[in-house]
Amino acid sequence: MEPLKDHSIEFTGLKDGLHEFRFVLGQPFFDATAEEEWQGGQVAMHVTLEKSSTLLVVDMTATGTVNVHCDRCDGPLDQAVKGEQRQIFSLSGGEPTDDDELVNLDEKAHSINLTHYFYECLRLALPIRHVHAAGQCDPEVEKVLNKLIVEHDPTPDPRWEILKDLQNKERSS
Ligand SMILES: [Zn+2]
């Protein structure tokens, strides 16, 4: 997804050592993702950045909710998310790579943008299947679903059971 300018960290002015940042992912972020499933949400991103002369080690922790649709009743559902991700940036000016874990920054780079990594972190944190807690689904849809389940899973007709019993007896006699 396109980087959002709010998610940039200027690292050139930072001293070596640990630095903390907080970001809030709200509607602008969710609108910018291409995830049709994500209607919105509110996620706090806590970021620590450890700077040394050669590396930036970024640890992200996501906590919050993402608004999705329930897989069962299709009603709105606030899915709780909690996730962690680490991303390492090399400052030694190697060739740019697409390595997932280690990104070689251009020698002239003075900032990193975290939008893409926030997105990755959330995508991994969200369960594949999201459904309301028991009894929380849309009651109207629930009624229809229950009816369908009954129609598709009939309890065996007792008369068949009696017939089967008779057949078994005949066979064994
Ligand atoms: Zn539901």
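The values are calculated or read from the model by the stated rules, or taken from the named source; none is laboratory data. These figures come from a predicted structure and were not determined experimentally. When we count neighbours, we look across all protein chains shown, and the Cβ atoms used for this are built from the backbone with ideal geometry, even at glycine.
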Search region 39-65 for residues being within 17 Å of L18 (Cα to Cα) and outside any strand (DSSP E or B), and hand back the single one that is nearest to the ligand (Cβ to nearest atom).
S52
Expected output for region 5-18 (first residue modelled with pLDDT of 95 or more, partner among the small types (G, A, S) and not in a helix (DSSP H, G or I), Cβ below 9 Å, 6+ apart or cross-chain) is S8/S111; I9/S111; E10/S111; F11/A109; F11/S111; D16/S52; D16/S53; G17/S52
Within region 87-102, can one find any residue that is under 17 Å from I9 (Cα atoms), away from the ligand (no atom under 16 Å from the Cβ) and under 20 Å from the mean Cα position of the chain (by Cα)?
yes
Name the single residue, out of those in region 34-48 being touching a Phe, Trp or Tyr at 6+ places or on another chain (Cβ under 9 Å) and not β-branched (V, I, T), that is surrounded by the most Cβ atoms within 10 Å (Cβ to Cβ).
M45
Only one of these conditions is not met by V68: (1) surrounded by fewer than 15 Cβ atoms within 10 Å (Cβ to Cβ); (2) in contact (Cβ under 8 Å) with a residue 40 or more places away in the chain; (3) within 16 Å of the ligand (Cβ to nearest atom). Which number is it?
(1)
Answer yes if at least one residue in region 6-13 is polar (S, T, N, Q) and over 19 Å from the mean Cα position of the chain (by Cα), and no otherwise.
yes
Only one of K51, K82 that is surrounded by fewer than 16 Cβ atoms within 10 Å (Cβ to Cβ), of a type in the set (K, R) and in contact (Cβ under 8 Å) with a residue 12 or more places away in the chain
K82
